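To keep things clear, I will list the structure first and then write my remarks on it.
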Amino acid sequence: MHSGGGGFSLSKLTSVLKKKTQSDFDRVISGTSKTREKLSYMDEILGLWRLEDLDDTLDDLEETLLSVDFGPKTAGKVLDTIRELVEDGKIKTGEDCKRALKETIVNILVNDGGDPTKMNVSDDEKIPTCVLIIGVNGGGKTTTIGKLSNWYKNAGAKVMMVPGDTFRAAAAEQLQTWADRTGAIMSKSPPNTKPGAVSYKAVDEAIAMGDIDVILADTSGRLHTNLDLMDELVGVKSSIKKREPSMPHEVLLVLDGTTGLNMLNQAREFGQQLGVTGIILTKLDGTARGGAVISVVDEMKIPVKFVGVGETMEDLQVFEPLSFVDALFPEEAGDA
Ligand SMILES: Nc1nc2c(ncn2[C@@H]2O[C@H](COP(=O)(O)OP(=O)(O)OP(=O)(O)O)[C@@H](O)[C@H]2O)c(=O)[nH]1
Ligand SMILES: [Mg+2]
């Protein structure tokens, strides 16, 4: 990496985030409360746990997972694991079952997702790290770029933002506001050019400047079902690649945490076309429907890297599988 600014180190970045994650944890909990309400029904089921009613209990559990937006495939897989553990005598009580459920889900997030704190970086001193941000309309892409800019800045990195959303009139100004707030610079690409050209020129400019550590490239929102717009996005990625083959180092898909299972379709399409390297799950402070992301990780094998928990630049947390699952299955829910 470049040594610009206060010296950019990923380990520093991670430790700053760990602290933040701890202090902001309550907001994830409040965000997933709708999910939690339904999952507390699970506690009731487990409270009535009887081995002779195993099939009924497991059916009820599966229903509960489905009602909080676990996809059928993932819910089925989780319940298969539970059934095996019961048959092996490893689950004897409702409490055992709850613990095993949590472990199984954490395992999906960890084994299929990998280490969320590892953001890919450029391994060439002269080449900045390029992060391409994609997703459907209004999911929180531009806001997330603001948050990421702040995150990288806290680690001593010099950030350039790329106004690749040439579709929406106010998009560049919105990005500029985030640049001003977080001390990032904006690429000076001429306005009204095509997004591929904007991105190509921005990468060129950043490399020429010599002191940019991170390029955060914004894109306009698009429905994953709109083939023309998906093609355009593939074009943006190849324009970046054309200028610098090692880029982009990360392609992060922004998923709106309130959309439920539809995010699975989004992840499939964007994943197939763009080669997504990570997910940022936004709006977990709202009435989030957290279960769906577990299916995304399970089916797509893409890690969740961050979660968004509000509208300010501070509201970004490194995704922690264990904390996330603890928030879904609160210990006190059964007593409430
Ligand atoms: N509560 C909450 N709101 C968020 C979060 N992230 C983004 N938002 C809000 O969601 C709305 C859309 O955010 P944008 O960042 O403009 O979304 P976008 O994906 O860039 O939208 P387009 O460029 O139109 O596709 C804004 O009102 C944001 O403030 C979050 O984590 N929590
Ligand atoms: Mg935007």
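The values are calculated or read from the model by the stated rules, or taken from the named source; none is laboratory data. As the structure is a prediction and not an experimental result, all values here were calculated from the model. Cβ coordinates were reconstructed from backbone atoms using ideal geometry, including for glycine residues, and neighbour counts include every protein chain displayed.
Find all pairs meeting these conditions: Cβ atoms under 6 angstrom apart; at least six residues apart or on different chains; first residue within segment 127-138 and among the charged types (D, E, K, R); second residue more than 9 Å from ligand 2 (Cβ to nearest atom).
Every condition considered, no pair remains.
Just to check your reading of the model, which residue among 284, 252 is within 16 Å of ligand 2 (Cβ to nearest atom) and either within 17 Å of residue 145 (Cα to Cα) or assigned to a loop (DSSP other than H, G, I, E, B) (or both)?
So the residue among 284, 252 that is within 16 Å of ligand 2 (Cβ to nearest atom) and either within 17 Å of residue 145 (Cα to Cα) or assigned to a loop (DSSP other than H, G, I, E, B) (or both) is 252.
Please pick out the residue among 284, 255 that is buried (at least 24 other Cβ atoms within 10 Å of the Cβ) and at pLDDT 95 or above.
Numbers: 284 fails: at pLDDT 95 or above.
Only one candidate qualifies: 255.
Within segment 287-313, count every residue that is within 16 Å of ligand 2 (Cβ to nearest atom) and buried (at least 24 other Cβ atoms within 10 Å of the Cβ).
1
For segment 208-216, indicate whether the set of residues that are within 16 Å of ligand 2 (Cβ to nearest atom), of a type outside the set (Asp, Glu), at pLDDT below 95 and assigned by TED's automatic domain parsing to the domain that holds residue 160 is non-empty. Spell out the reasoning first.
Our first condition is that a residue be within 16 Å of ligand 2 (Cβ to nearest atom); within segment 208-216, this holds for 216.
Right, trim to of a type outside the set (Asp, Glu) and you get 216.
Those left that are additionally at pLDDT below 95: none.
No, segment 208-216 contains no residue that is within 16 Å of ligand 2 (Cβ to nearest atom), of a type outside the set (Asp, Glu), at pLDDT below 95 and assigned by TED's automatic domain parsing to the domain that holds residue 160.
Based on this model, can you work out whether residue 52 counts as at pLDDT below 85 and part of a helix (DSSP H, G or I)?
Taking the combined requirement at face value, the residue satisfies it.
In the list 260, 235, which residue meets the criterion of being of a type outside the set (S, T, N, Q), surrounded by fewer than 18 Cβ atoms within 10 Å (Cβ to Cβ) and at pLDDT 95 or above?
Working: 260 fails: at pLDDT 95 or above.
When all the criteria are applied, what remains is 235.
Just the residues that are away from ligand 2 (no atom under 11 Å from the Cβ) and at pLDDT 95 or above, please, taken from segment 158-177.
Correct list: 158, 159, 160, 161, 162, 176, 177.
Scanning for something closer than 17 Å to residue 306 by Cβ, within 16 Å of ligand 1 (Cβ to nearest atom) and among the hydrophobic types (A, V, I, L, M, F, W, C), does segment 187-206 turn up at least one residue? Don't jump to the end; show me each part of the working.
Pass one, segment 187-206, residues closer than 17 Å to residue 306 by Cβ: none.
No; the residues of segment 187-206 include none that is closer than 17 Å to residue 306 by Cβ, within 16 Å of ligand 1 (Cβ to nearest atom) and among the hydrophobic types (A, V, I, L, M, F, W, C).
Among residues belonging to segment 103-117 that are at pLDDT below 90 and part of a helix (DSSP H, G or I), point out the one that is farthest from the chain's Cα centre (by Cα). Before you say what the answer is, go through the steps one by one.
Looking only at segment 103-117, we keep the residues that are at pLDDT below 90, and these are 110-117.
Pick out the ones that are also part of a helix (DSSP H, G or I) and you get 110-112.
Details: 110: 14, 111: 16, 112: 14 Å.
Taking the candidates together, the pick is 111.
Tell me, which residue of segment 138-156 that is modelled with pLDDT under 95 and assigned to a loop (DSSP other than H, G, I, E, B) is surrounded by the fewest Cβ atoms within 10 Å (Cβ to Cβ)?
Across segment 138-156, the extreme among qualifying residues is 156.
Return only the number of the condition from (1) over 20 Å from the mean Cα position of the chain (by Cα); (2) part of a loop (DSSP other than H, G, I, E, B) that residue 85 does not satisfy.
In the conditions (1) over 20 Å from the mean Cα position of the chain (by Cα); (2) part of a loop (DSSP other than H, G, I, E, B), residue 85 misses (2) alone.
Just the residues that are β-branched (Val, Ile, Thr) and within 17 Å of residue 277 (Cα to Cα), please, taken from segment 202-252. Quick ask: steps written out before the conclusion?
Within segment 202-252, the subset β-branched (Val, Ile, Thr) is 203, 207, 212, 214-215, 219, 225, 234, 236, 240, 251.
214, 215, 219, 234, 236, 240, 251 - these are the residues of segment 202-252 that are β-branched (Val, Ile, Thr) and within 17 Å of residue 277 (Cα to Cα).
Please work out which one of (1) over 15 Å from residue 254 (Cβ atoms); (2) of a type outside the set (A, V, I, L, M, F, W, C); (3) in a loop (DSSP other than H, G, I, E, B); (4) within 16 Å of ligand 1 (Cβ to nearest atom) is the condition residue 123 fails and give its number.
The number of the failed condition is (4).
Go through (1) out of contact with any Pro (no Cβ under 6 Å at 6 or more places or on another chain); (2) outside any helix (DSSP H, G or I) and name the single condition residue 130 misses.
(1)
What are the residues in segment 44-93 that are β-branched (Val, Ile, Thr), over 21 Å from residue 260 (Cα atoms) and in contact (Cβ under 8 Å) with a residue 12 or more places away in the chain, if any? Steps first, answer last, please.
Our first condition is that a residue be β-branched (Val, Ile, Thr); within segment 44-93, this holds for 45, 57, 64, 68, 74, 78, 81-82, 86, 91, 93.
Now narrow it down to the ones that are over 21 Å from residue 260 (Cα atoms): 45, 57, 81-82, 86, 91, 93.
Once the filter is applied, which keeps residues that are β-branched (Val, Ile, Thr), over 21 Å from residue 260 (Cα atoms) and in contact (Cβ under 8 Å) with a residue 12 or more places away in the chain, segment 44-93 yields 45, 57, 81, 82, 86, 93.
The conditions are (1) touching a helix residue (DSSP H, G or I) at 6+ places or on another chain (Cβ under 8 Å); (2) of a type in the set (S, T, N, Q); (3) at pLDDT 70 or above, and residue 93 fails exactly one of them. Which is it?
For residue 93, the failing item is (1).
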